[in-house]
Structures are given as structure tokens and as C-alpha cells.
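Where a number appears in this text, it was derived from the coordinates with a stated rule and is not lab data. Because the structure is predicted, anything quoted here is derived from the model rather than measured. Note that each Cβ is placed from the backbone with ideal geometry, even for glycine, and that neighbours are counted across all protein chains shown.
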Amino acid sequence: MQRSHDYWMAKAMAEARKAQVKHEVPIGCVIVRDDIIIARAHNLRESKQDPAAHAELLAIRKAARKLASWRLLDTTLYVTLEPCLMCMGAIILARIPRVVFGCFDPKAGAAGSLYDLSNDPRLNHRLELVSGIRGAECSQQLSSFFAALRQRRRATS
């Protein structure tokens, strides 16, 4: 049975909730192959003090280890927020053929907002993009997190 984008995005949103519990920006990612999650991750930049600990990069590394290959062919990456330049670079290098994301990132997005690396003819890999899956929910998850963060900062200053 082929599950829907909506189903897999719900799994990515569950990962984002794990990040939020850790006071991380709530971004979650799952990588699916043959209707099975092969990797899942959420943002850990604050916990690891690592600027590269984005959900997508962590999930890509896990998937590569699981498949024993850096080529993540026949996979779909689901992420709650449009990937940034760094993550789109990793997605392209990993040869992931399809990316599905929830909401656009007008400040850092590299899959349609600021840039669109998915079909740049200068690069050696192109991929299919699907956007807006559970977009309002993903956007609300992020907005609520940042509103609470601003409130906490005001309360302590």
C-alpha cells in the first residue's frame, strides 16, 4: 500500500515535536524508501552546538549508513520546512530524487523561496519538489515555537 504525502509529513511533524521538547527549532525530517521510513531526525543545532545539525542532514547521514551507500536513490525526503542552501546541497549530492516539504522559508529557502536548486541546469542532479503538504500546520508549529521563545525572552529580561 502506497501511503500519502500527508501521512509521511505527519511523521516528519512528529519529529519536529521532538525537537521542540528539546527547545530546538521544530523541524523534522523522515526519509522513505519502498513505503518504509529508513531514517528520521529533527533539528539538534542547539543541543549539539553544531550549525550543520539540521534535520535533513542528520536524516541523510542515517539513511546513508542504513543503505551502506551515499546514493539515496529511490527515496523521498519529507521535511516540515523548505530546505536551506546547505540542506539542498546535501540532498542533491545524495541523489535524492524527491523532496516533499510543508511550508516555505522566505528567509532561507533554497527550494523555491530565495533560490531553487532543485532544477538548476548547472548542477548534475535534478529532483522533484512537492510543497505545501500540511503547510499551514507546519507553519503554525514554527510560529508557535518562536512566539513562545519571544515570550520567554521578554519574561527573563
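Worth a mention:
- In summary, the aspartates and glutamates within cross-link reach of Lys11, defined as a Cα separation below 18 angstrom excluding same-chain residues under 8 places away, comprise Glu24, Asp34, Asp35, Glu56, Glu82, Glu137.
- Pairs spanning more than 18 Å between alpha-carbon atoms, out of Lys18/Lys107; Lys18/Lys48; Lys22/Lys48: Lys18/Lys107.
- Charged neighbours of Asn124, selected by a Cβ distance under 13 Å, balance to +3 (K, R count +1; D, E count -1).
- Estimated D of region 1-96 in µm² per second, where Rh is the Kirkwood radius over Cα pairs and Stokes-Einstein applies at 37 °C, 0.692 mPa s: 251 µm²/s
- From most to least packed by mean Cβ count within 10 Å, the peptides 117-125, 31-39 give 31-39, 117-125.
- Computed 3J(HN,Hα) for region 97-103, one whole-Hz value per residue from the Karplus formula 6.51 cos²θ - 1.76 cosθ + 1.60 where θ = phi - 60°, is x, 8, 10, 10, 10, x, 10, glycine and proline marked x.
- Free-standing Cys residues across the chain, given no other cysteine C-beta under 4.7 angstrom: Cys29, Cys84, Cys87
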